[in-house]
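Participant: Following this message is one structure expressed as structure tokens.
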Amino acid sequence: MATSLEIIEYAGCLVSLGAVHEAINLLQTRNFEQYPEANFTLGMAYTALWDGKNSAKYFKEFISSSPISNYRKQIAKLNLLQSYLSYETLENSVELADSILTDNQKLNSSVITANTLIFKAQAIVDIYPRESVELLKKAKEYTKKMTGPDLWIDKWLAYTTFYMGNKKKGIRDMKECLKKSTFLKNTETIRDCFFYHSLFTSNEKGIQYVYKGTPISTFRKKIQNSYQLMFQKDFVLDHSPIGPRNGQLLDLNGHVNFKGLSNKNDSYKLLNILLSDFFRPFSIPYLFSLLKPDEYYLDSSPQVMRQQIYKLKQILKEHHFYIPIIKERYGHKIDFDKINNVRIKLVDSDHINEISQLDPLLVLLKNNFEKKSFRTIDIQDFTGLSMRTIQRSLKIGLDMKIIESRKIHRKTFYFFKVNS
């Protein structure tokens with residue numbers, strides 16, 4: 001039987017592979033109070049899900065535990081600072097950043113210094129843009145051999161340039177950063193730069209595109225706060241950077257019943273998962289954890305997923321839906337620029353990208369049970385899935401507050417909230 005430390009190590013490997021949900025379940029169903037590394041791993045897992053509040057909670061627990069080395073504590077504080085940027089106040093973020101910089105004088109780590117300066121600059125950029133520029137220039141001295149941080153600096157320098165009045169240079173610099181990050185396949189910087197360039201140029205189609213193609217609630221809120229635009233409920237993917245798309249409509253929001261592709265099967269779920277993020281590729285372990293949440297990731301799992309991807313490709317080809325699924329270094333994704341001969345109506349709801357990213361079954365439930373109450377037995381009869389999978393999906397929906405439950409005559413009924 002595996003020891004506690006071996007389980008924590010294994011969970012860390014799952015997080016790095018992308019099987020984040022399995023790692024969280026593994027650590028949260030056991031008692032690891034004596035092992036601080038469990039909290040660090042949970043913090044990293046929630047960071048991967050862009051859940052700032054939960055990641056901060058576990059990083060704080062790790063930092064307050066003893067004994068851990070000063071270096072590990074600094075790394076945890078740096079990750080905590082990144083979590084703070086999504087929800088914490090300016091004062092708390094700056095205070096933490098200054099604390100890291102002070103403590104790092106003994107360690108003298110250029111990586112920690114550079115990233116802390118960037119995060120601090122990001123925290124103050126909208127209120128103190130000139131001070132933010134100075135921090136970014138200082139950080140650039142430490143990042144001459146670091147590709148990722150260098151792109152972040154270029155992005156935020158372009159942002160400050162635009163809002164300090166030099167709009168043409170800001171637009172030009174953001175476009176250049178977008179080109180560079182696209183060449184380096186730094187997907188999250190691509191997403192950021194694409195959004196800010198669309199924002200600077202008042203490109204509403206571009207803003208809608210980023211909004212619908214981003215399964216991250218904090219990022220979507222940032223988009224809503226930055227641009228007062230009525231975001232489309234029914235979003236049809238009918239335009240690419242090279243022009244409008246023609247062809248038949250694939251309505252994933254309605255009743256899908258093609259040969260090999262229907263609302264009930266894995267191919268439909270997999271297609272919705274891949275369509276939930278327009279920018280980032282999905283690793284095989286991550287796809288597996290989303291598609292088969294009640295199964296463990298085993299030696300045979302990669303082959304199972306590759307066969308599932310191949311099957312979906314063949315189904316799309318058979319129905320003349322040119323939706324290319326490509327393999328990149330870090331996983332599989334749809335090449336959205338080259339979709340042809342088909343217009344895709346994505347599943348509606350403000351939460352749908354987030355839902356499909358976390359649990360594809362919720363997409364299916366919303367399509368078929370949105371306007372009526374249902375019980376777990378109804379879902380089992382409709383899908384044939386195990387009760388464990390159904391209960392897990394319902395818990396996610398309840399946690400996200402898009403589903404409510406009500407007891408009637410000792411029976412539990414579920415229903416989707418009207419505004420979900």
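The values are calculated or read from the model by the stated rules, or taken from the named source; none is laboratory data. Predicted model only: the values in this text are computed from it and were never measured. Because the Cβ atoms are built from the backbone with ideal geometry, glycine has one as well, and the counts that use them run over all protein chains shown. Each accessible area value is taken on the protein alone, full model and side chains, heavy atoms only, with ligands, DNA and RNA left out. Shrake-Rupley method; radii C 1.70, N 1.55, O 1.52, S 1.80 Å.
Participant: Suppose we filter segment 250-284 for residues that are surrounded by 21 or more Cβ atoms within 10 Å (Cβ to Cβ) and at pLDDT below 85; how many remain?
Facilitator: 2
Participant: Would you mind finding the one in A139, A114 that is within 21 Å of M44 (Cα to Cα) and of a type outside the set (D, E)?
Facilitator: Numbers: A139 fails: within 21 Å of M44 (Cα to Cα).
None of the other options fit; the residue is A114.
Participant: A further question on this structure: Just to check your reading of the model, which residue among E328, E354 is closer than 24 Å to H21 by Cβ and at pLDDT 75 or above?
Facilitator: After ruling out the rest, the residue left standing is E328.
Participant: Could you check segment 401-420 and list, in sequence order, the residues that are open to solvent by less than 40 Å² (accessible area, probe 1.4 Å) and either farther than 14 Å from D378 by Cβ or not in a strand (DSSP E or B) (or both)?
Facilitator: Within segment 401-420, I402, S420 qualify.
Participant: Name the single residue that is modelled with the highest pLDDT among those in segment 165-190 being outside any helix (DSSP H, G or I) and not charged (D, E, K, R).
Facilitator: As a first pass, look at segment 165-190 and keep what is outside any helix (DSSP H, G or I): 165-166, 185-186.
Narrowing the set further to residues that are not charged (D, E, K, R) leaves 165-166, 186.
Working: G165: 90, N166: 93, N186: 89.
For segment 165-190, the residue satisfying everything is N166.
Participant: Residues in segment 31-76 that are over 21 Å from the mean Cα position of the chain (by Cα) and within 23 Å of L17 (Cα to Cα): how many?
Facilitator: Qualifying residue count, segment 31-76: 8.
Participant: Name the residues in segment 285-338 that are assigned to a loop (DSSP other than H, G, I, E, B), surrounded by fewer than 19 Cβ atoms within 10 Å (Cβ to Cβ) and under 19 Å from the mean Cα position of the chain (by Cα), would you? Walk me through how you get there before you give the answer.
Facilitator: At the first step, the residues of segment 285-338 found to be assigned to a loop (DSSP other than H, G, I, E, B) are 292-300, 319-321, 323-324, 329-330, 335.
Pick out the ones that are also surrounded by fewer than 19 Cβ atoms within 10 Å (Cβ to Cβ) and you get 292, 294-296, 298-300, 319-320, 324, 329-330, 335.
Correct list: K292, R329, Y330, D335.
Participant: Just name the residue that is least open to solvent (accessible area, probe 1.4 Å) out of those in segment 128-164 that are part of a loop (DSSP other than H, G, I, E, B) and modelled with pLDDT under 90.
Facilitator: T143
Participant: Examine segment 216-235 for a residue that is modelled with pLDDT under 75, surrounded by fewer than 12 Cβ atoms within 10 Å (Cβ to Cβ) and in contact with a helix residue (DSSP H, G or I) (Cβ under 8 Å, 6 or more places away or on another chain), and state whether such a residue exists.
Facilitator: No: segment 216-235 contains no residue that is modelled with pLDDT under 75, surrounded by fewer than 12 Cβ atoms within 10 Å (Cβ to Cβ) and in contact with a helix residue (DSSP H, G or I) (Cβ under 8 Å, 6 or more places away or on another chain).
Participant: Given the criterion under 24 Å from K292 (Cα atoms) and in contact (Cβ under 8 Å) with a residue 24 or more places away in the chain, identify the matching residue among A38, A56, A19.
Facilitator: Only one candidate qualifies: A19.
Participant: For segment 38-82, which residues satisfy the criterion of being modelled with pLDDT of 90 or more and either touching a strand residue (DSSP E or B) at 6+ places or on another chain (Cβ under 8 Å) or among the charged types (D, E, K, R) (or both)?
Facilitator: Result: K57, K60, E61, R72, K73, K77.
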